[in-house]
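Student: One structure, pasted below without further comment.
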Amino acid sequence: MLTILGVGTGRFSSLTMQGYELLCSAKTVILQTACIPLAQELKRRQIAFETLDICYEQAEDFDELQERVRLYLEKYADALLCIVGDLYTNTLVRSILQFRKAELIPGMGFGSEALSLCTKEIGQSRVLCASAYEFMQTEYTGLGALVVTEIDSPYLAADIVLKLMRYFSEDHGVFIVQHGKKQLYTIKKLCFWKDWDYSSVLVVPEQCITKKEGYTFEDFCRIMDILLGENGCDWDKAQTHESLRIHLIEECYEVIEAIDQNDPFMLSDELGDLLMQIVIHAKIAQKHGEFDIQDVSTEISRKMIRRHPRVFGQAEDETLSWEDLKRKEKPWNTYSEALKNIPQAMTALVRTEKIFKKANSLKIFSIELKQIWDELSDLACRLRNSAGQEKEELGGDFLFMTVALLSMMGINAETALIGACNRWIKNMEKTEELARMEGQDLAKIGKSTFEKLWQKAKSVK
């Protein structure tokens, strides 16, 4: 069976006693590379070994290296493969384990050495330790200190620097640990370091929350915890779900405004304001032991998986519609109960369209387009001759059937009415401009003159 031994930093002094005993007793010893001090010490002690250097020399990229190492190891049923660094974060080790069973015997790696040298600078921060390739391929949360191992080339170092600059300020102090020594640099000056090799480790201490270049969702949640904490913001701490209700509605409208203006920078900013509302509601609930932000993300994740069974390979019945899937989540006993589930807090136009579409989807309300036109015509006549409470009720019915008509024609009533409002205001603006050009005061002209200007404004493109 293949045994993979962690030989730490590649120096004889970093070997464990178990590691040394295995080196002395193994029939076949394979070093990751001969370019480490341990190789010279093994020669001095007359311990024979082979190396993977030929694989590194012939491979043009990491994928090819993995294949060459696989073929190389196939020659041996039993061997002791000595890997430099941290076994559990080593990218090559992970690739070997995909095609070959092996026993792992860890040693003191580069990451452990770097941590011991930078204990003071890291302090009480939690630490993420990852290989360079692993760090580049995974999402970084931005929390705590960071230890990146196996930075074996200037090109890889440059990629890491670019990623770090999304989170940390360019003058943030970091440490390069190599050959048992540490050197202080700033992130922006890391690219000037040219001696990157397999032993290079980058230690990035945690940065003050107020000085970061970029913030992750975890950072934002931490900021909200500070604001809602003992020494936080009095206004934030005083909020409740009820007091924030109007602000949530306002933020939604501001997001829609950004979308309508096709302004990506404004949209990014407004989505942030909306996200703040979501997080503070979750934090308030957490304070009362109701739920927290992870419950929110968990529930929406589960919902998306449930509602897309074909995508996630969980479809038991291919005939189930979106409405069928939703009904599984929110069961109702009567059709009227299904309609009552549509929130009353929606704008009247949006709720009307939802009610009409829900009734249609449940196949409990069937009406032809011609019937709606006839109904609208009848309602218009009755509305013209009505008074008092009846007029309000007929007006509501007229609006409801108008929304139903637009829905049947594939038109969103809310969007259509917003467009009409905007066009009306724009036409008023053009009418005023035409009046000024003719030396007239819009407030003093007669009705017929206003109508002529209005129609003329409507014809102007």
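The values are calculated or read from the model by the stated rules, or taken from the named source; none is laboratory data. Every value quoted in this text rests on a predicted model; they were computed, and no experiment measured them. We place every Cβ from the backbone using ideal geometry, glycine too, and count neighbours over all the protein chains shown.
Student: For the condition among the polar types (S, T, N, Q) and either assigned to a helix (DSSP H, G or I) or out of contact with any Asp or Glu (no Cβ under 9 Å at 6 or more places or on another chain) (or both), what is the one hit in SER125, SER116? Quick ask: steps written out before the conclusion?
Tutor: Values: SER125 fails: either assigned to a helix (DSSP H, G or I) or out of contact with any Asp or Glu (no Cβ under 9 Å at 6 or more places or on another chain) (or both).
Exactly one of SER125, SER116 is among the polar types (S, T, N, Q) and either assigned to a helix (DSSP H, G or I) or out of contact with any Asp or Glu (no Cβ under 9 Å at 6 or more places or on another chain) (or both), namely SER116.
Student: From the list GLU250, GLU213, pick out the single residue that is under 30 Å from GLU290 (Cβ atoms) and within 25 Å of the chain's Cα centre (by Cα). So that I can check it myself, show each step before the final result.
Tutor: Values: GLU213 fails: under 30 Å from GLU290 (Cβ atoms).
The match here is GLU250.
Student: A further question follows. Go through the range 293-313 residue by residue and tally those that are closer than 30 Å to ARG222 by Cβ and of a type outside the set (A, V, I, L, M). Spell out how you get there, then give the answer.
Tutor: Start the filter on the range 293-313 by keeping residues that are closer than 30 Å to ARG222 by Cβ, which leaves 293-305.
Narrowing further to those that are of a type outside the set (A, V, I, L, M): 294-295, 297-299, 301-303.
Selection size over the range 293-313: 8.
Student: Return a yes/no flag: does the range 131-142 have any residue that is within 20 Å of PHE217 (Cα to Cα) and crowded, with 21+ Cβ neighbours inside 10 Å.
Tutor: Our first condition is that a residue be within 20 Å of PHE217 (Cα to Cα); within the range 131-142, this holds for 135-142.
Filter again for crowded, with 21+ Cβ neighbours inside 10 Å, leaving 135, 142.
Looking through the range 131-142, at least one residue is within 20 Å of PHE217 (Cα to Cα) and crowded, with 21+ Cβ neighbours inside 10 Å.
Student: I need every pair where a residue in the range 176-203 that is in contact (Cβ under 8 Å) with a residue 60 or more places away in the chain and closer than 21 Å to ILE36 by Cα has its Cβ under 9 Å from the Cβ of a residue that is outside any loop (DSSP other than H, G, I, E, B) and among the acidic types (Asp, Glu), sequence separation at least 6 or different chains.
Tutor: VAL177/GLU113; GLY180/GLU113; LYS182/GLU121; VAL201/GLU113
Student: Within the range 398-406, is there a residue that is in a helix (DSSP H, G or I) and more than 30 Å from ARG351 (Cα to Cα)? Even if it seems obvious, please write down each step before you answer.
Tutor: The initial filter retains those residues of the range 398-406 that are in a helix (DSSP H, G or I), namely 398-406.
Remaining after also requiring more than 30 Å from ARG351 (Cα to Cα): none.
No, because not a single residue in the range 398-406 is in a helix (DSSP H, G or I) and more than 30 Å from ARG351 (Cα to Cα).
Student: List the residue pairs whose Cβ atoms are under 6 Å apart, where the first residue sits in the range 89-102 and is within 19 Å of ALA132 (Cα to Cα) and without any contact (Cβ under 8 Å) to a residue 60 or more places away in the chain, the second is surrounded by 13 or more Cβ atoms within 10 Å (Cβ to Cβ) and of a type in the set (S, T, N, Q), and the two are 6 or more positions apart or on different chains.
Tutor: Hits for this filter: THR91/SER131; SER95/GLN66.
Student: Here is a further query. Considering only residues that are assigned to a strand (DSSP E or B) and surrounded by 13 or more Cβ atoms within 10 Å (Cβ to Cβ), which ones fall in the range 173-190? It would help to see each step written out before you state the result.
Tutor: At the first step, the residues of the range 173-190 found to be assigned to a strand (DSSP E or B) are 173-178, 181-186.
Hits for the range 173-190 are GLY173, VAL174, PHE175, ILE176, VAL177, GLN178, LYS182, TYR185, THR186.
Student: Which one of the conditions (1) of a type in the set (Ser, Thr, Tyr); (2) touching a residue at least 24 places away in the same chain (Cβ under 8 Å); (3) in a loop (DSSP other than H, G, I, E, B) does THR3 fail to meet, given that it meets all the rest?
Tutor: Failed condition: (3).
Student: Of the conditions (1) modelled with pLDDT of 90 or more; (2) assigned to a helix (DSSP H, G or I); (3) within 17 Å of THR3 (Cβ to Cβ), ARG94 fails just one. Which one is it?
Tutor: For ARG94, the failing item is (1).
Student: From the list ARG70, ARG100, ARG94, exactly one residue is under 34 Å from the mean Cα position of the chain (by Cα) and over 22 Å from ALA39 (Cβ atoms). Which is it?
Tutor: None of the other options fit; the residue is ARG94.
Student: Take SER366 and decide whether it is assigned to a loop (DSSP other than H, G, I, E, B) and over 30 Å from ILE256 (Cα atoms). Step through it out loud before you land on a result.
Tutor: Numbers: assigned to a loop (DSSP other than H, G, I, E, B): yes; over 30 Å from ILE256 (Cα atoms): yes.
The answer is yes for SER366.
Student: Ok, one more. For LEU71, indicate whether it is surrounded by 15 or more Cβ atoms within 10 Å (Cβ to Cβ) and outside the structural domain of ASP197 (by TED's automatic domain parsing). Outline the logic, then answer.
Tutor: Working: surrounded by 15 or more Cβ atoms within 10 Å (Cβ to Cβ): no; outside the structural domain of ASP197 (by TED's automatic domain parsing): yes.
In short, no.
Student: I would also like to ask the following. Does at least one position in the range 436-450 carry a residue that is within 30 Å of GLN261 (Cβ to Cβ), loosely packed, with under 13 Cβ neighbours inside 10 Å and modelled with pLDDT under 90? Even if it seems obvious, please write down each step before you answer.
Tutor: Initially, the range 436-450 is screened for residues within 30 Å of GLN261 (Cβ to Cβ), giving 436-437, 442.
From the residues that got through so far, the ones that are loosely packed, with under 13 Cβ neighbours inside 10 Å too are 436-437.
Subset that is modelled with pLDDT under 90: 436-437.
The answer is yes, given that some residue of the range 436-450 is within 30 Å of GLN261 (Cβ to Cβ), loosely packed, with under 13 Cβ neighbours inside 10 Å and modelled with pLDDT under 90.
Student: May I ask you to list pairs of residues, at least six apart or on different chains, whose Cβ atoms are under 6 Å apart, with the first in the range 59-77 being at negative phi and of a type in the set (Ser, Thr, Tyr) and the second being in a loop (DSSP other than H, G, I, E, B) and surrounded by 14 or more Cβ atoms within 10 Å (Cβ to Cβ)?
Tutor: TYR76/THR28
Student: Would you be able to say whether some residue in the range 244-263 is polar (S, T, N, Q) and either more than 30 Å from ALA420 (Cα to Cα) or modelled with pLDDT of 95 or more (or both)?
Tutor: Applying the first criterion (polar (S, T, N, Q)) to the range 244-263 yields 261-262.
Of the ones still in play, those that are also either more than 30 Å from ALA420 (Cα to Cα) or modelled with pLDDT of 95 or more (or both) are none.
Looking for residues that are polar (S, T, N, Q) and either more than 30 Å from ALA420 (Cα to Cα) or modelled with pLDDT of 95 or more (or both), one finds none in the range 244-263, hence no.
Student: Separate question: Among GLU150, GLU134, which is the only one that is at negative phi, within 28 Å of the chain's Cα centre (by Cα) and touching a residue at least 24 places away in the same chain (Cβ under 8 Å)? Quick ask: steps written out before the conclusion?
Tutor: Numbers: GLU150 fails: at negative phi.
Step by step, each of GLU150, GLU134 is checked, and only GLU134 is at negative phi, within 28 Å of the chain's Cα centre (by Cα) and touching a residue at least 24 places away in the same chain (Cβ under 8 Å).
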